[in-house]
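I'd like to ask you about the structure that follows.
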Amino acid sequence: MAWTSFRYSLYAPFYDLLAWPLGAARRRAVTQAGIRPGDHVLIVGCGTGLDLAHIPPSCRVTATDLSVRMLESMRRRARALGRDVTLLRMDAEKLDFPSGSGETGFDVVLLHLVAAVVPDGRACVHEAVRVLKPGGTLSLFDKFRPGSRTRPGLLRRILNIPARFFFSDINRRAEDLIGQEPVTVIRDQPVAFGGIFRALTCIRT
Ligand SMILES: C[S@@+](CC[C@H](N)C(=O)[O-])C[C@H]1O[C@@H](n2cnc3c(N)ncnc32)[C@H](O)[C@@H]1O
């Protein structure tokens, strides 16, 4: 945890440049989430806040991250865009919000490029779904291992050692992350790099 927070603080000044090739994919992911004016949107692991520009201005936005420097970057972006965002330092695997119900909870949760970064991707997705209102939308945008094999091949397992240490896990399958969750996947689109990156729109049942 401390390593993740530390390395993302190091990446923060360059993050927008690193994430630039995924700009169109991100826009598609947010668009297909169907955010409506007035929705309460939670951005988990918000990073520098690259999602913010695609969220309708009338939405209430809450954003969390583990890295203080990422949160500072997000604060600067929100100010530059004239947006009022509630920023909280929080672990994506253990969100400090009540479970969503008809009264409380988020209308939309954006989990973009986070579920493969945290140690326990399933816990992270579980928490994102838990805080949604019934009928709320989870946008899961990330790189996922294709295919139905439960165990990745040897080469993938070897490459994953440095990948996990410096960036993120390359062996997570979307199906494994959401398989146990009370959600219906209404869209699953390849959005970048030949389908390595996918954007899933999931509705909490
Ligand atoms: C690859 S960046 C993605 C940032 C942003 N969601 C985006 O789409 O550009 C991963 C982000 O997750 C944050 N992060 C990593 N582990 C976390 C955790 N356990 N809880 C909350 N945020 C975490 C990092 O600090 C970083 O900002």
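Scan the helices (runs of 4 or more DSSP H) fully inside segment 77-184 and keep the ones with 3 or more residues being within 15 Å of the chain's Cα centre (by Cα) and either of a type outside the set (A, V, I, L, M) or modelled with pLDDT under 95 (or both). Walk me through how you get there before you give the answer.
Working: elements: 121-130, 154-166, 174-178.
Fully inside segment 77-184 and qualifying: 121-130.
If you check every pair at least six apart or on different chains, which have Cβ atoms under 8 Å apart with a residue in segment 78-92 that is under 18 Å from Thr4 (Cβ atoms) and basic (Lys, Arg) first and a residue that is near the ligand (Cβ under 8 Å from one of its atoms) and not in a loop (DSSP other than H, G, I, E, B) second?
Correct list of pairs: Arg89/Thr64; Arg89/Asp65.
Follow-up. Restricting to segment 181-205, count the residues that are free of Cβ contacts under 8 Å to residues at least 60 places away in the same chain, surrounded by 19 or more Cβ atoms within 10 Å (Cβ to Cβ) and farther than 15 Å from Lys133 by Cβ.
Here the count works out to 1.
Looking for something surrounded by fewer than 19 Cβ atoms within 10 Å (Cβ to Cβ) and within 20 Å of Phe141 (Cα to Cα) - is there at least one such residue anywhere in segment 79-86?
no
If Gly47 passes every condition in (1) in contact (Cβ under 8 Å) with a residue 24 or more places away in the chain; (2) surrounded by fewer than 17 Cβ atoms within 10 Å (Cβ to Cβ) but one, which one does it miss?
Checking Gly47 against (1) in contact (Cβ under 8 Å) with a residue 24 or more places away in the chain; (2) surrounded by fewer than 17 Cβ atoms within 10 Å (Cβ to Cβ), the one that fails is (2).
Then there is this: Out of all the residues in segment 65-77, which are more than 9 Å from the ligand (Cβ to nearest atom) and without any contact (Cβ under 8 Å) to a residue 40 or more places away in the chain?
Arg75, Arg76, Arg77 - these are the residues of segment 65-77 that are more than 9 Å from the ligand (Cβ to nearest atom) and without any contact (Cβ under 8 Å) to a residue 40 or more places away in the chain.
A follow-up question, please. Would you mention how many residues in segment 50-60 are away from the ligand (no atom under 13 Å from the Cβ) and either surrounded by 20 or more Cβ atoms within 10 Å (Cβ to Cβ) or under 28 Å from Ser9 (Cβ atoms) (or both)?
2
Which numbered condition in (1) in contact with a strand residue (DSSP E or B) (Cβ under 7 Å, 6 or more places away or on another chain); (2) more than 9 Å from the ligand (Cβ to nearest atom) is the only one that Thr104 fails?
Only one criterion in (1) in contact with a strand residue (DSSP E or B) (Cβ under 7 Å, 6 or more places away or on another chain); (2) more than 9 Å from the ligand (Cβ to nearest atom) is unmet by Thr104, namely (1).
Now a separate question. Please specify each residue of segment 126-152 satisfying the condition of being over 16 Å from Asp176 (Cβ atoms) and of a type in the set (Gly, Ala, Ser).
Gly135, Gly136, Ser139
Follow-up. Taking the stated definitions as given, is Ala199 within 18 Å of the chain's Cα centre (by Cα), at pLDDT 95 or above and not in a strand (DSSP E or B)?
So Ala199 fails the test.
Within segment 1-55, considering only helices (runs of 4 or more DSSP H) that don't extend past its boundaries, which have at least 2 residues that are at pLDDT 95 or above, of a type in the set (S, T, N, Q) and over 26 Å from Phe165 (Cα atoms)?
23-32
Every residue, every condition in (1) out of contact with any His (no Cβ under 6 Å at 6 or more places or on another chain); (2) over 16 Å from Thr201 (Cα atoms); (3) within 13 Å of the ligand (Cβ to nearest atom), yes or no:
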| position | (1), (2), (3) |
| --- | --- |
| Ala116 | yes, yes, yes |
| Ala128 | yes, no, yes |
| Pro134 | yes, no, no |
| Leu138 | yes, no, no |
| Arg145 | yes, yes, no |
| Arg156 | yes, yes, no |
| Ile161 | yes, yes, no |
| Phe165 | yes, yes, no |
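While we're here: If you check Gly82, Gly38, which single one turns out to be in contact with a Cys (Cβ under 8 Å, 6 or more places away or on another chain) and either at negative phi or more than 12 Å from the ligand (Cβ to nearest atom) (or both)?
Gly38
The values are calculated or read from the model by the stated rules, or taken from the named source; none is laboratory data. Please read all numbers here as calculations on a predicted model, not as lab measurements. Every residue, glycine among them, receives a Cβ derived from its backbone with ideal geometry; neighbour counts consider all protein chains shown.
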